[in-house]
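Since the structure comes first, as structure tokens, the remarks are kept for the end.
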């Protein structure tokens with residue numbers, strides 16, 4: 001059984017065929033999906049999805065793209081949402097220096113406040129890091145994020161960065177890019193990361209793995225990510241499916 005540890009099923013691209021999408025996921029061995037949020041509205045939608053569909057769990061939080069819109073009232077609302085039993089993480093939160101949709105200082109301020117929120121509600125964090133590797137690691141250290149732990153989702157850093165976040169107890173999640181050509185750095189990361197600290201994800205509807213790259217992503221395709229990880233690790237698909245699901249359930253407190 002597979003666990004797609006990061007997707008965005010509030011996205012309008014699934015409005016016309018969500019039941020069929022869920023069915024395809026189940027047919028491909030997916031038993032769990034975590035749908036991550038980007039703002040307050042998607043947090044509400046994700047909780048609704050998680051309550052309606054047993055396969056879904058939710059993370060609530062505000063993406064760095066939307067950090068400029070954050071305020072303490074939203075943080076308070078997220079704390080209330082975190083009381084829902086289907087909410088298992090705070091995320092996705094972090095830093096994005098590629099698009100810079102919010103000022104970098106605002107991103108840092110609200111990343112720190114959401115890490116503090118996670119500590120208060122005792123939930124792990126789902127970290128978004130794009131072109132901000134050094135600041136992400138430094139903030140995880142300075143904000144004592146190891147107290148709650150979490151995952152670097154869709155990891156794009158180096159082996160050296162992987163070592164630093166692993167040392168803080170963070171897991172590393174591998175997404176569709178591991179199937180792309182010219183992914184030597186990511187393959188080295190997969191080789192390096194201990195099996196009990198690895199997760200797999202789709203980041204649906206984005207980053208669709210080969211051979212479907214360019215089309216809308218969905219959780220059924222997490223099997224393709226797991227197959228590539230299994231090949232890199234010299235393991236069977238069944239083994240990688242089992243251990244990454246066990247890792248995710250341990251991280252998110254799912255029995």
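The values are calculated or read from the model by the stated rules, or taken from the named source; none is laboratory data. This one's a predicted model, so the numbers in the text were calculated from it and none came from an experiment. Every residue, glycine as well, gets a Cβ built from its backbone with ideal geometry; the counts of neighbours run over all protein chains shown.
Remarks
- Filter result for the condition that a residue is within 30 Å of residue 235 (Cβ to Cβ) and crowded, with 22+ Cβ neighbours inside 10 Å, over 140, 95: 140
- Among the residues of the stretch 1-22, just one is part of a helix (DSSP H, G or I) and closer than 27 Å to residue 114 by Cα, namely 12.
- Residue within the stretch 80-97 that is assigned to a loop (DSSP other than H, G, I, E, B), more than 23 Å from residue 147 (Cα to Cα), in contact with a helix residue (DSSP H, G or I) (Cβ under 6 Å, 6 or more places away or on another chain) and touching a residue at least 12 places away in the same chain (Cβ under 8 Å) present: no
- Residue in the stretch 60-76 that is closer than 26 Å to residue 255 by Cβ and at pLDDT 95 or above present: yes
- Failed criterion for residue 211 (all others in (1) under 16 Å from residue 30 (Cβ atoms); (2) surrounded by fewer than 18 Cβ atoms within 10 Å (Cβ to Cβ) hold): (1)
- Odd one out for residue 73, checked against (1) buried (at least 23 other Cβ atoms within 10 Å of the Cβ); (2) not in a strand (DSSP E or B): (1)
- The condition (being within 21 Å of residue 76 (Cβ to Cβ) and part of a helix (DSSP H, G or I)) is satisfied by just one residue among 41, 25: 41.
- Residue list for the stretch 48-70, restricted to those being without any contact (Cβ under 8 Å) to a residue 60 or more places away in the chain, in contact with a helix residue (DSSP H, G or I) (Cβ under 6 Å, 6 or more places away or on another chain) and in a helix (DSSP H, G or I): 67, 68
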